[in-house]
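Undergrad: Take a look at this one; I'll ask things after.
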Amino acid sequence: MSKRNRKVGSVATELVKKAREAMLTAVQIYNNPQIDFKSELFIVTTVIAWTYLMHAHYRKTKVEYRQIDPTAKGKRKKFLRTKYGAVRHWSLEECLTCKFCPLDKAIIQNLMFLTGVRHEIEHQMTTRIDDQLSAKFMAAALNFNATIKKLFDKRYSLEMEQAFSIQFSAIDENTAKMLMAEADLPQHIKSFVVQFETKMSQEDYDDPRFSYRVALVNKLSNNKNTADKVVQIVPPGSDMSNALNKVILKATERTKFKPSTIVKQMKAEGYSWFTMHTHTELWHEKDAKDPKHQYGVDVEGSWYWYEAWLEVVRKHCQGKNPKMKPPASIFPEVATANVSA
């Protein structure tokens, strides 16, 4: 029997089809109400989808995406292989860092974020992370749909495959607060998120291709042509959009942290020398509890810090010698506290 001789086009087409199916599977898993492990499965399957899509593009454009053995001698290329002899191909990170990568910066950052989270979850169980990272998931799916159409053909579009997810309960203010209160990120993932996003500019962070955020507002319509639409898209930059942003920002309760949580976060970011005593000295030095700074708030006799103070502490730590020998700490680690003033 003769060995099948694949052509560039056939392999690339097969990769595109598998990439498309993988992304559809990721979305279907995430939208399945009977699956609790949805975020982890979405991330892993989405990484596979994007990896296949990038392999298809590089195959099509004749960019070598097989892993070359750096120890090989001679002019002939030698490729790395798996334990059982298959040629190893680029991981998604390698595809994204290639100088021929066709993706925009925001899309690359979104995928680097997801692969970073995947590294944190693939070898250990996590608690519920769906609500905390869903904006990144939405951006990854939308970016994939736009990219597959751009790099290949509009017939591969996924936009008609998934409609708006129907829910069994309305999301009111109290429900939303309960969801956010229960969905606290595991510390190792929270540390990764903070370190990743701290390095980003505000413009990159706000880019919807990195994180796609929308606001859902109950709407009573007197227009019979739009009254049955579950979702109405308000164009960014419009008068209505600007007005909604002002209301949402005003109505959103700021996150609050206990002093011990500030210390715990700094240690997680690598500043092991930062202790409760160090923190106390710092806020005394900055007179940080003065109301004019708005760094925190007193809630029934207990002081809680806002994120603005967390940033001040972070800059302070960044300016110090990170190799400084840490003093012994007697303070226990405490989970983040979000309370209403």
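The values are calculated or read from the model by the stated rules, or taken from the named source; none is laboratory data. Since the structure is predicted, the reported quantities are computational estimates derived from the model, not experimental observations. Counting neighbours? That spans all protein chains shown, and the Cβs are built from the backbone with ideal geometry, glycine included.
Undergrad: Quickly run through the range 273-321 and pick out the residues that are in a loop (DSSP other than H, G, I, E, B) and in contact with a Leu (Cβ under 8 Å, 6 or more places away or on another chain).
TA: Correct list: ALA288 only.
This table checks each residue for (1) within 23 Å of VAL193 (Cβ to Cβ); (2) at pLDDT 90 or above.
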residue: ALA251; (1), (2): no, no
residue: THR255; (1), (2): yes, no
residue: ALA268; (1), (2): yes, no
residue: HIS277; (1), (2): no, yes
residue: HIS284; (1), (2): no, yes
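Undergrad: Name the residues in the range 290-302 that are of a type in the set (A, V, I, L, M, F, W, C) and in contact with a Phe, Trp or Tyr (Cβ under 9 Å, 6 or more places away or on another chain), would you?
TA: VAL297
Undergrad: Of all residues in the range 89-133, which are basic (Lys, Arg), at pLDDT 90 or above and either part of a loop (DSSP other than H, G, I, E, B) or outside the structural domain of ILE35 (by TED's automatic domain parsing) (or both)?
TA: Of everything in the range 89-133, just one residue is basic (Lys, Arg), at pLDDT 90 or above and either part of a loop (DSSP other than H, G, I, E, B) or outside the structural domain of ILE35 (by TED's automatic domain parsing) (or both), namely LYS99.
Undergrad: Got a sec? Which of ARG66, ARG155, ARG59 is surrounded by fewer than 18 Cβ atoms within 10 Å (Cβ to Cβ) and touching a residue at least 12 places away in the same chain (Cβ under 8 Å)?
TA: From the options ARG66, ARG155, ARG59, the qualifying one is ARG66.
Undergrad: Residues that are at pLDDT 85 or above, under 15 Å from SER91 (Cα atoms) and of a type outside the set (A, V, I, L, M, F, W, C): does the range 11-34 have at least one?
TA: There is no residue in the range 11-34 that is at pLDDT 85 or above, under 15 Å from SER91 (Cα atoms) and of a type outside the set (A, V, I, L, M, F, W, C).
Undergrad: Could you list, in sequence order, the residues of the range 93-121 that are under 19 Å from LYS150 (Cα atoms) and more than 12 Å from the chain's Cα centre (by Cα)?
TA: The answer is CYS95, LEU96, CYS98, LYS99, PHE100, CYS101, PRO102, LEU103, ASP104, LYS105.
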